Amino acid sequence: MLSSPWAGSGYGQRVRQIRSLHSGVSQIVLFNGNGDTLCDRLIFTGKNDFFDIKAKTGKPVYIPHELVEMEIFMTDREANPVHATFSLSIRDGANEVESNHTVVTDLLLMSEIKGFVRNPSYYFEDNDDVRRAALDVLLMVQGWRRYSWKQMAGVEPFELKYLPEQGIETNGNVVAYNMFGRQVSKPKVDVGLLLQKNTENDDMGGSFVETFETDDQGRFSFVSDVEGRWNMILNVKEKGKVKNYRIILDRVFNPEPKRYRYADLQVNIAEKNHIPEDDFEEDTEEDWDSFPVAYQDSLAKLGIDEKVHYLEEVTVTARRRTRAQDIYQNRSTSVAYYDVASEYDDLYDRGKYIGDNIHELLKNMHPDFTSISGRSGEVMFFQGKAVLFVVNYERVDMSSSFDVYRYKNIRLQAIKSIYINETVNAFCQYTYHPSPFFKCTEVSRNWCIVFIETYPEGEISVDGAKGIRKTWLEGYSAVNDFYHPDYLTLPPAPDDYRRTLYWNPSVTPDETGHASVQFYNNSRSMNFHISAETVTPVGIIGIYRDD
């Protein structure tokens, strides 16, 4: 590529400029005075510019729940210490899923190309001719452009369409309904905002009050910079009087579900943890009757005179599952789950009015809900099956209309969550009928269960007054500390199967490039899998290498 367009006295200088580029993908463009591109391509530079991060422990093997002390060292290619914050992850090495992604593959390579790459680390395993050629082909085939080159060349002006965000922007619209049921925007009305933060003790951790006016289209917006979930109360006033207008927020958007390819679902177990097949005996049917004879014979060869006694066969009866276990079982086997408060809020922002009708709520939440009007009222169906509503996991007498339709007396504000369950076990567990001819397993084929969980009496939210919208504002996610058990003060947990033993996104070494961390081992780990990565302030990549 460089031979023809770049030939001449400046060729060597241009090659030196390319070599001086930082590590990563760079775009080389040859253009004329009009900004027209004559040729361009992507190149990857600096494959060997990364420095190493090393780690060592005080012992080769640690017993379960033992305190592990690990030393981390960062040095450049000339063995000079590197003082830069790095991220560190230490995982159980048993059955470790091999990851082909690092800061090099994802930040330097994958962010600049389009499409799926099955094994991106392959291109950085070595710097030989084969991998250089393969990386070259990858950049030519899957390279993509994110900007107009004429704007970069100064031929076309660059116009900034969107300003950098200053916080979380919330947009909304104030509407009213005319006599035909159509929405009419309400311009130049005042919208009051109250944000309140609840602490763990239900005390108000802070509050913000603000008032703004809608524009000519009845729209408003405000910017907030908060963490966590905040209670948000909005009200509308026109000429100082409270108005019963509808406040619709522009937040009904969900990302499309990602369809994973077959290659995305494949995982590889690290080879260093692979156990040869020869270490396993063939899984054949055991002759349990011959086992005591063989055992007694082996004791005799050792000179141990011990008799083997047979025990009578016993039947072990397990304890009945607790209510909490039953609830967990029915939740985990459900085909769908809904947070009613969130669903109700989304429907509100879609401009739909469902009042206090649970049937309308269900039909709007899931398209497979339908209803048929009968003598006893409206009957709900889910995918062609009749729906039986179970409130707070209390059994339903199917012969009692009062018991079957008891759910209709529950206010939507009092419902916390809804689960849809189609299993036979759930239907038989929470229904009964006094008739001796009632066969639960046969009837269950035509029914499904909708579990309704309600809030405790003191936690039911109160409906907003006229012209008031009660909802919440999702702020930035609060930073949480990774949990590290302290077995110096806690008793060792025999079922501690943590796969990640230590995680810290910000480990800061001293001036000599040295850092030390401590953590407790789990119940089974015999070796550790370490991932440490960093990007220095000058853009140099550091990754962990296991010697």
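Since every read-out is calculated from the coordinates, none of them should be taken as a lab result. Just so we're clear, the structure is a prediction, and the values are computed from it rather than from any experiment. Positions of Cβ are backbone-derived with ideal geometry, glycine not excepted, and every protein chain shown enters the neighbour counts.
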Using modelled backbone amide H atoms (1.01 Å from N, in-plane), which distant-in-sequence or interchain residues come within less than 5 Å of Y502's amide H?
I90
Once you have the Cα-Cα distance between S26 and F73, take 0.36 nm times their residue separation minus that, and quote the gain in nm to one decimal.
13.9 nm
Quick one: order D216, D92 by neighbouring beta-carbon count within 10 Å, fewest to most.
D216, D92
Which lysines does K56 reach when only Cα atoms under 29 Å apart count, and residues fewer than 8 places away in its own chain are ignored?
K47, K272
At most 12 other Cβ atoms within 10 Å and a DSSP loop assignment: could you name the chymotrypsin sites (Phe, Trp or Tyr not before Pro) in segment 317-413 that fit?
Y353
Could the peptides 223-232, 421-430 be put in order, highest first, of the mean number of other beta-carbon atoms found within 10 Å of their residues?
421-430, 223-232
Please report, to one decimal in angstroms, the Kirkwood hydrodynamic radius of segment 409-492 built from all distinct Cα-Cα pairs.
18.4
Neighbour-count order for M74, M380, M152, M179, fewest beta carbons within 10 angstrom listed first:
M179, M152, M380, M74
Per-residue Cβ neighbour rank within 10 angstrom, fewest leading, S99, S23
S99, S23
Using 7 Å Cα-to-Cβ label points, what is the R331/D129 separation (nm, one decimal)?
6.2
The value for segment 317-414 (convex hull of the alpha-carbon atoms, volume per residue, Å³) is 139
Take every DSSP beta bridge with both residues inside segment 323-466 and express the antiparallel ones as a percent of the total, to the nearest 5.
70
In nm, spacing of pseudo-spin labels at T508 and E459 (7 Å Cα→C-beta vector):
3.9
